[in-house]
Each structure stands twice: as C-alpha cells, then as structure tokens.
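Report on the structure given below.
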Amino acid sequence: MGATVKQVRVILIGIAIMLCLVFDLTFARWLSFKWGCMVLDVLGDVSAILFGVFGVWLGMFYSPTVMDSLKGKSGDNLIQAAENIVASSRRFRIVFRGMVISAVILVFAMIVRSIHVPFSQMVGISHPAIRELLRHVFFTMIACAVIAQCYSIVMSIVPMYDAKKKMSEAQKVAEMTINI
C-alpha cells in the first residue's frame, strides 16, 4: 500500500531536519556568523522577490467570484466549472504554501539583520558553552531556511508545470482539429 501525501510530507520534513542537523554538526565549527548573515541576506532578497511572484500567481488562481461561478450552471457546464475550481484550488494551495515559507524566511532574515550586532555583542560576553549552543542553533536555522527556500522555489514550479502540460495537451488537440 502506498504512502499518503501527508506521510510523504512528514518523511520529507524529517529528512530536511536531519540534513539541517548534519550540516550544523559538520560545518558549524568552520563557518562564521558573518557568513551566516550573508546567507540570510541572500535568502531575504530571494524571499522578497518570491513573495511578489507568489502574490501574482495567487491572483491568477483566485477570483473573488469563485463562489458564484457555479451558480446557474448545470450538466456538463457545471462539471467543467467545478473541475476548474478544483484544479485552481490545488494550484492555489501549492503556491500559497510557498508564499508562507518565503514570508517566514523573509521575517527571519529581517529579524537577524536587525539584531545581529547587539546579539553578537551579548553572545561575546556569555559563557563558552552558551556561545557554542547558540552557534549550533543559528547554523541549524540557516540550513533549515536554505532547504525551505529551495522547497519553496521548486514547489512554485509545480503549478506552472501543470499549466504547461495542459497547454501541450490542448495544442495536440488543436493540431488534430486543424488536420481534420
């Protein structure tokens, strides 16, 4: 029996967390806080761009009149309209998830950008064990942000791939119609 989407998602999240921890345990001792902030700057910039792109895509998949689009329809027209709503809803969920991930990363990057100077001064005077713990937490969070951003980017392509596939199918039907 195959795994459900939820089970696959839980497994992928578990793998992502393990990758973050492996990254931290492998590289954190050699990386600088400055490097981590530079990575967050890049992630923040990418998130800001993606946030705008996701907003445009969500606007394409959502119409304020979606609730009224089934009214007055029956038969094949009703089924076709309902299928279109279901397809748009799936795309909307995928893109919305990417938007939420990008928003979280953007806020995280903004917070770290804002507090990194006073935080690094405070950490500098703390106990070495606390510094080491905070270092590991920081680099684990950086790795998680990178993986989440990659996921967000890849998942943003899914609705466009679906649209491309449907466009190719429509092209084939149109070419067959022209050749008749």
Check: For PHE139, what charge total do you get from the other residues with a beta carbon under 13 Å from its beta carbon, if Lys and Arg give +1 and Asp and Glu give -1?
Finding: +2
Notebook entry, point to check: Among ASP76, ASP24, which comes first, then next, by fewest other beta-carbon atoms within 10 Å?
Noted result: ASP76, ASP24
Next item on the list: Note down the relative contact order for the chain as a percent, whole number, built from C-alpha pairs under 8 angstrom at least six residues apart.
Entry: 37 percent
Checklist line | Size of charge dipole - region 49-175 - debye, nearest 20, with Cβ of Lys, Arg +1 and Asp, Glu -1, no other charges | finding: 140 debye
Checklist line | Karplus-derived HN-Hα couplings along region 171-180 (A = 6.51, B = -1.76, C = 1.60, θ = phi - 60°), whole Hz, x at Gly and Pro | finding: 4, 4, 5, 5, 5, 5, 5, 5, 6, 6
Item checked: Sequence of CYS37, CYS150 once ranked by neighbouring C-beta atoms within 10 Å, starting from the fewest -> CYS150, CYS37
Checklist line | VAL42, VAL56 arranged by Cβ crowding within 10 Å, fewest neighbours leading | finding: VAL56, VAL42
Check: Hey, which of these cross-link pairs are over 30 Å Cα-Cα: LYS34/LYS164; LYS73/LYS165; LYS71/LYS172?
Finding: LYS34/LYS164; LYS71/LYS172
Check: In the chain, how does Rg compare with the Kirkwood Rh, expressed as the Rg/Rh ratio over alpha carbon atoms?
Finding: 1.14
Item checked: Stretchable slack from PHE27 to PHE119, in nm (0.36 nm times residue separation minus alpha-carbon distance) -> 31.0 nm
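Just so you know, all these numbers are worked out from the coordinates, no wet-lab data involved. Because the structure is predicted, anything quoted here is derived from the model rather than measured. Ideal geometry is used to build each Cβ from the backbone, glycine not excepted, and the neighbour counts take in all protein chains shown.
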